[in-house]
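Colleague: What follows is a single structure, and I will ask about it in a moment.
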Amino acid sequence: MIALERDLLAAHAAGDLGALVTLYQRAAAEATAPERAAFYLTHAHVFAMETDHPDAPALRMRLVAQGRESALPPPRPPFR
């Protein structure tokens, strides 16, 4: 995971948010402990939301499935 950590640091230094989404997803997939995987997945989700990345909804659903995020409540009708 040393190469991955180097790539994460480089992407942070460059401000490459798209790469951070991909790299944090990869780190989550390679993590050996559930807590570490959730940590990396949360970071991937945050950067995905910041960039309006197409993986953002799927990342949120993964976090919900793991019990790390709450499901959104149903939408309320507008006030009239």
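Colleague: In segment 39-80, which residues are over 23 Å from A13 (Cα atoms) and either of a type in the set (V, I, T) or in contact with a Leu (Cβ under 7 Å, 6 or more places away or on another chain) (or both)?
Modeller: L59, R62, L63, V64, E69
Colleague: A follow-up question, please. Which residues, taken from segment 1-53, are open to solvent by 40 Å² or more (accessible area, probe 1.4 Å) and of a type in the set (A, V, I, L, M)?
Modeller: Residues satisfying the conditions are M1, I2, A3, L9, A10, A13, A14, L17, A29, V46, M49.
Colleague: Follow-up. Quick one: what pairs do we get from segment 60-80, first residue open to solvent by 90 Å² or more (accessible area, probe 1.4 Å), second polar (S, T, N, Q), C-beta under 8 Å, 6+ apart or different chains?
Modeller: What qualifies is R68/T42.
The values are calculated or read from the model by the stated rules, or taken from the named source; none is laboratory data. These numbers were taken from a predicted model, which means no experiment stands behind them. Positions of Cβ are generated from backbone atoms using ideal geometry, with glycine treated the same way; all protein chains shown enter the neighbour counts. Side chains are part of the model used for accessible areas, which takes the heavy atoms of the whole protein and leaves out ligands, DNA and RNA. Shrake-Rupley method; radii C 1.70, N 1.55, O 1.52, S 1.80 Å.
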